Structures are given as C-alpha cells and as structure tokens.
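Since the structure comes first, as structure tokens, the remarks are kept for the end.
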Amino acid sequence: MIDRVFRVGEEFKRLLLGLLVLMGLGFICYLFQFTKGLTITGMSRDVSWGLYIAQFTFLVGVAASAVMVVLPYYLHDFKAFGKITILGEFLAIAAVSMCLLFIVVDLGMPHRLFNVLRYPTPHSILFWDMIVLNGYLLLNILIGWNVLDAERMGVAPPKWVKPLIYVSIPWAVSIHTVTAFLYAGLPGRHYWLTAIMAARFLASAFASGPALLILLAMLIKKKTKFDPGEEAIQALSKIVTYALIISVFFVFLELFTAYYSKIPGHTQHFDYVLFGLHGHAKLVPWTWLSNILAVVALFLLINPKTRKQEKTLKIACLATFFSLWIEKGITLVIAGFIPNPFDTITEYMPTIPEVFITIGVWATGFFILSVLYKIAVTIKEEVAS
Amino acid sequence: MDKGKRDFLKITGACALGLSALPLVKATAKEKGPAYINIPKALQGKRWAMVIDVRKCQEQQKRGECNKCAEACHYIHNVPKIPNEEEIKWIWKDTFEHAFPGTAHEFVPDELKEGPFVLLCNHCSKPPCVRVCPTQATFQRADGIVMMDHHRCIGCRYCMAGCPFGARSFNWRDPRPYIEKLNYQYPTRRRGVVEKCTFCAERLGEGLEPACVEACPAKALIFGDLEDPTSEVRKILKEHLTLRRKYELGTHPNVYYLV
Amino acid sequence: MKIYDAKPILVGLAIFLGITTFPFWYNGGKASPPPEPKLDTPVISKMEKKECVASKDYMRKSHMALLNEWRTEAVRKANRYYVTAGGKLYPVSLQRGCLKCHSNKADFCDQCHNYIGLKPYCWDCHLSPQEKKTTTQVAEGE
C-alpha cells in the first residue's frame, strides 16, 4: 500500500518538503541541545518541565480522541463514522509518535532511555505511561493498516482484528488517564493534585481531538475526491460541543474549590495564570486568549445554525483546538511549578531553539500524518471508483 | 560390635561435628573473601535522621556570616557553583517563610523570620521521588537514606516534580567547569542527571559523620539513628518540640528543626 | 558480456571500497604500537607482593565487569569494602581504590583504551589524579 505515497501531485510534494524543512531545523536545534545539554532550553531548577512535556500531555489527548470515532462505529454501529475511523486511527498513530519524540527530546540522558525497560518499576506512573502509549501505538498500527488493506481488497478485515478494536477503546481512555496520573499523584504540587484531573484531561481531549479531525476531514474533502461525509462531520461537531462544555465545566469546578475554600496552595496557581502573582504574569495573556477562544467556540458550537455551517464550524473547531492547546500544551504543566516549593516564583519562557525543536517534532508528526492520510485517501478513492 | 558398625558411628559423629562447625567455617572463609563487606567502624543505622538546632545556628550567625556546612558539603561532593536558575545545591540556608510556606505569619519574631533554616534532602521515610522514578535510579536504602544512582538516571526529572521540598537539582549543563576546587576522593556528575544530598553515604561507610555535621562550628546539626533509643537525636526529639517541613504531605521527612 | 548501468555500479563500488578501506589509508599502512600499560607508580613499586584485587588475567579481560559490580555493591547495596581472595582490604571505589595504586591513568587505562579506540564514560564523572592541572579552572559564563 505504501506505493500510493509516491503517486502524488505537486501540492502534496510541497507540503512534505515544507515539513521536511521544519523537521531539519528542529533536528539541527536538537543536535545543539544534544551537545550543550538542556541548558539551551528555558527550563530551570524550579520549572523543571516545560514546553516539551506540555506538548506531550496535550498530544496524548489528541491520540486518545480516536476513540470518539471508533466507539460509535464499532459499538453502536453508527455507520457515518465508517468512512473516517481510519482517519481517527491514523491521527492517533501520528499523535503518539509525537508524544514519544517529546519524551525523548526532554530526557537529560536520551541514550539511557531503555533503562525504563531494563529496570521495570511498577510503582512509577511513567513506567505505565510508557507501556500504555507504546501499546496504543501498536494497536492503532495493526488495526488501521489491516482494516484499510481489507477495504482495498474488498474483503472483510481478518477476524483477529475485531478483538483488538474492542481492546483499543478502553485502551484509549487508559492512555490519557495514566497521563493524568503522572500529575495528579504528586504531593506538594497542588495545581495538579486534583481527583478530576483525568476527567478533565479526557473531556478536553474529546473536544480538541475531534475538532482537529473535523478540520482535517474538511481539508481532505476540499483537496481530494474522498468525501468523509457531512453526517460524520456533523456528528463529530456535536461530540466537540458536549466535550468542550464538560471541559469548561470541569475547570469551573476547580475554580470553585480553589476560590471558595481560599486555600493558598489551590488559589496561588490559578492566580498566577489568571491575574499574575506578585507582579509575575507571563502566562496571563495566554490564559485569557484560551478563555476567549473557548467562549467563541462555545457560542458557535452551541448555536445549531453556526454549527451546521461549514465556515463557522471551521472557526469553532480552530478556536476549540487552540484554546485547549494553550490550556494543556502551555499553562497546565508550567503553572504547576509556579510558585515553587519555597513559595517563590521563577517564571519560564521557552528559548528559540526549544521552540524550533518543538516545531520540529510537530512537523514530524504531521509528516507521518500526511503520509498515512495520503495512503488512506488514495485507497478510499480507488475503492470508490 | 563389629568393625563396620563402629566405623559407621565414627563417621556419623565426625559428620555431625563438621556440620555444626559449618557456620563457623563459613564465617571465617568470608573474612578471607573475595567478599563485599563493611568495616567495623562504619556507621550503621536503621533510620538515619538529622536534627537542626536553629537557635545554635543563629547564635553562630551573630558572630559573623557562617556557611560552613554548605561549603564543606559542596567541596567534598564536587557540587558546582552555577548561578541563578540552573543552581545546583545539596544543602543551603533559607528563611522561615521559604522553608515553611504557609506557616509563617506577619507577627513571627524577626530573628525567627530570617532563620536561617538549613535545608537539605529530608530523606523521607515515604519518599515520593523514589515512588515516581521510572528506573529506580533514586531509591531508598535499608537504613532510610534516599540515594541517587547516577549511572542509571535517565534525566526525566520526574523526581523533581515529585519532591515537595525542592531538594533536587538537575545538571542542565556540564558541571565540571563550575567546580571551584575539585575533590579527588569523590566523583563529579555529568550533564543530564539529577543530584541531591545523600546524607554522606560514602562517609558513613568510613565511620565518619556527614560532612555538614562535622563542619558546623556551632554543633547545630545532629545526626543519628531514630531507631536507636539511646541516640542523641531521639533524646532531643523526646525533650523538645521540633518542626518538620510539610509533614502534612505524609512523606515522613527525617530532618527535624529545633526552634 | 554487458553490465547494465555499469557506470553508477562501478562508481558505487569504488566509493564502497574507498570507505571500507579508509582506516588503512588513514593510518598510512602503519600499525599503531601495541599498548603497554605501565605499572611503575610509586604505590605499586613499594608493594612487596605485586597483586591486584583479582588475577592479572581476570582484570585484563573483565575489569569493566568488576567495576560495574563494585558500583552496584557500593551505591545500591551499601557495601563499601572488598576483601580479596588473599584477604586484603580495598575500598570499593574507583578513585579511592583502583586509582590509588594505578595513579597513572594515561600510562595505564588510556594505553589500551586508545589502542582499541574506546572512550569509556567513566571519566565524565570520575576524576583521575592527572586531571588536576587541566580541569581546575572556573569557566566564566558559557
């Protein structure tokens, strides 16, 4: 099936070339980091995780959201999603690949990565995260590839794929739950020490992931002969709507607990992201941008007229995606370290090489995504004709 | 009694004697080696702890700025002097409100406010850093010391997120150029690993107290085994009210502050 | 007989041969001198019976395995001393044990390591006496 990648038009070639350039720039910056150490990033003794781990956290959600098309199709026989399950699964493959890359670029000793396997440590959540993420990657590769191959041949997928699909549904929930547990079980990091962390993660993931999927489906519809179908997009948009409402609701729950109890450990971090703390306010514009985008998205999504119109739905999906990207891909992780355990403030600002490495990993993910989508779409076109 | 029987009894007796002597033989053989041992004068404990007498430290500070504990520790362990945000420290001084955030109120006596409070790894009995480490590069020894295995650390910094006391430092850059005076009896670290106080595990093995305890001119740092009822630390804890940092988090810190 | 695509194949072959035989060209056909680890340090020359923590043969082949074992014993199992078969006591430490006698890293360790082109990462952290002159400097900024 891979040969489909090579039968491409000029525009697709330019896309891949552009991504390759970004990947190259990222790689050069990574070589710089590899020789100098993580000192080239904006991270510090106090803010010891930054952009890399935040992207990782956000992208686990994008990966998990594939379940939002797989579950209705396979458990509820919702036919409209039949055409796009492959898009969800391939998006998951690309997202998990980015997650793994973000972990690797964040390590101080990347060549010792396999120590995690050499000395298995069940009491570490990071050990379990490694297992569920790699498992999920493998599941989606096996399922996506085999289902697509069967579609190409015009036959039913092999029997052993069905149980894997059923396993992949709770597995998707597990990857984001375990990722939330990375944070939610740490004594002394009160911003993260909340029982609804996993629920928040899942709600925001089921909004941001399907929003991205809608945007990708619209793009494919415009650029290729494959139409994912209006019904599927509309169904997805309802998922985004409810998930975003729940996600915002969960944030309100956090705000109530913090500000009604007025326990400093709980309010400080919210103060820092919402208003600034003791004159430190680097994340405040980001937080409010995220809030405004969420309000815009909710307005456009809840109103059926704007939700049904492609143009406004596109804006709503963009707003949803970027709002939640800011929340999980920037503020949630960084603000957990501010203030630090001594109740003092060290702020964080990523450096230029750090940003380029981050862009490089995103470009790698989109390169993988483009290639996989090209294969999928070409086969869909072939089958249709 | 025929000859066979007598021989049988003789041999049985000899065998029994031999068997009973086996532990003795084994013990003496072990002395000979090759074997890994600890020398008799090595300090051995079940739950190492430290009491920090803040008043004594304050008295000393009045006679002039004193930083001898940190100087001794950082020289002995080749801890680099890196300024600002990439700072690496095993033991340091801080104020009351930084050491005990949330505990200090506006009417705290001025002298207490300034401390100084000597801060270091608490060698918690239930250490979250050990719980989260994905490779057991940080682990707890039988005597309670929370140890670092720098050969195994992958530099994921999960332990730094896990530690509620800010006791851990990461080597963001190559530390060697920042070590003012090298101690050739101890290794340095390399870029990419996390480090912290080890309660001088290497000195305990030689029968020496931790370097900070030895260096303190005011004898304000007292080191001992909490499982030993006759130890000085036990005596102090029994006679005085002491504070522990963030005890409410349930990590069971083993550094006590006498104020 | 005709070789299809002869030109690129021959060029490729030439490049391949060039790369694989590069070490020979690079060294000009000369063999580097075989390593001669020296044992003439002050501590060793004062020893009556010159013996290490294990036999010479074992140390030559497996010193790295022993070092690894020592590391585990000292750091993870808290055993800080080693008794040899002959009953001698050594601290389980590269710097305070091994290098006490073998204080000549350049003439001992480096001899073989350089010969086989090996750069063990021991020295990223562990200090050898020779490094006294070269690293006692405080960098300004970086």
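Points to keep in mind about this one:
- Ranking A:50, A:243, B:156 by how far each Cα lies toward the positive end of the dipole of the protein assembly as shown (charges on Cβ) leaves B:156 at the top.
- Neighbourhood charge, 15 Å Cβ-Cβ cut-off, centred on residue A:334 and excluding it, Lys, Arg +1 and Asp, Glu -1: -2
- Computed on chain A, with alpha-carbon pairs under 8 angstrom and 6+ residues apart, the relative contact order is 30 percent.
- Cα gyration tensor shape for chain C, rounded if a/c is under 1.5, else prolate or oblate: prolate
- Pairs beyond 29 Å (Cα-Cα), from B:126/B:181; B:46/B:93; A:262/B:196; A:262/B:46; A:79/A:225; B:93/B:235: B:126/B:181; A:262/B:196; A:262/B:46
- Fraction of beta bridges assigned by DSSP in region B:48-258 that are antiparallel (%, nearest 5): 80 percent
- Prolate/oblate/rounded call for region B:48-258, Cα gyration tensor, a/c under 1.5 rounded: rounded
- Modelled label positions at residue C:85 and residue C:16, each set 7 Å beyond Cα in the direction of Cβ, lie 4.9 nm from each other.
- DSSP H segments from chain A that extend 30 Å or more along their own axis, Cα-based, with Kyte-Doolittle mean of -1.0 or above: A:10-36, A:85-106, A:125-153, A:161-184, A:197-223, A:230-261, A:352-384
- Under DSSP loop assignment and at most 11 Cβ neighbours within 10 Å, longest trypsin sites (Lys or Arg not before Pro)-free interval of chain C: C:51-142
- With at most 16 other Cβ atoms within 10 Å, longest stretch of chain A clear of loop chymotrypsin sites (Phe, Trp or Tyr not before Pro) (DSSP): A:161-274
- Mean Cα-pair separation over length for chain C, i.e. relative contact order, pairs under 8 Å, 6 or more apart, %: 24 percent
- Taking amide H as placed 1.01 Å from N in the peptide plane, the amide H of residue B:115 sits under 5 Å from that of B:96, each at least 5 places away or on another chain.
- Sites matching GluC sites (Glu not before Pro) across region C:45-114 that sit in DSSP coil, with at most 14 neighbouring C-beta atoms within 10 Å: C:48, C:51
- Result for chain A in a Gaussian network model with C-alpha springs under 10 Å: among A:182, A:324, A:107, the largest mean-square fluctuation is at A:107.
- In this Cβ point-charge picture (+1 for Lys and Arg, -1 for Asp and Glu), chain A has a dipole of about 580 debye about its Cα centre.
- Neighbourhood net charge (14 Å Cβ-Cβ; Lys/Arg +1, Asp/Glu -1) for residue B:240: +3
- The chymotrypsin sites (Phe, Trp or Tyr not before Pro) of region B:171-214 that meet both conditions, a loop assignment by DSSP and at most 15 other Cβ atoms within 10 Å of the site Cβ, are B:184.
- Compactness of region A:146-276 as Cα Rg over 2.2 N^0.38 Å, two decimals: 1.43
- Considering only C:26, C:82, C:90, the Gaussian network model of chain C with Cα springs below 10 Å gives its largest mean-square fluctuation to C:26.
- For C:117-124, mean number of other protein chain Cβ atoms within 10 Å: 2
- Between residue A:28 and residue B:108, the simple spin-label model (points 7 angstrom out along Cα→Cβ) gives 5.1 nm.
- Residue-averaged beta-carbon neighbours from other chains (10 angstrom radius) around B:34-46: 4
- Distant-in-sequence amide H partners of residue B:138 (H built 1.01 Å from N, under 5 Å): B:149
- Our Cα-only numbers for region A:131-214 put the radius of gyration and Dmax at 16.5, 56 Å.
- Peptide C:65-76 has a mean of 3 when you count, residue by residue, the C-beta atoms of other protein chains within 10 Å of its C-beta.
- Sum of side-chain charges, residue A:141 neighbourhood, beta-carbon under 13 Å (Lys, Arg +1; Asp, Glu -1): -2
- Helix C:56-71 and the longest principal axis of the Cα set of chain C meet at an angle near 70°.
- For region C:34-45, putting each phi into the Karplus relation 6.51 cos²θ - 1.76 cosθ + 1.60 with θ = phi - 60° gives couplings of x, x, 10, x, 9, 10, 8, 7, x, 5, 5, 5 Hz, in residue order, rounded to whole numbers and with x for Gly and Pro.
- Per-selection Kirkwood Rh - the protein assembly as shown (Cα, Å, 1 d.p.): 30.5 Å
- Amide H to amide H distances under 5 Å link residue C:108 with C:38, where only residues 5 or more positions off or on other chains count and H is placed in the peptide plane.
- The convex hull of the Cα atoms of chain A, projected and averaged over all directions, covers 19.6 nm².
- Using C-alpha pairs under 8 Å with a sequence gap of at least 6, the mean separation divided by the residue count of chain B gives a relative contact order of 30 percent.
Here, each number is a calculation from the coordinates, and none is a lab measurement. Note that the structure is a prediction, hence the values are computed from the model and not measured. All Cβ positions, glycine included, derive from the backbone under ideal geometry; neighbour counts span all protein chains shown.
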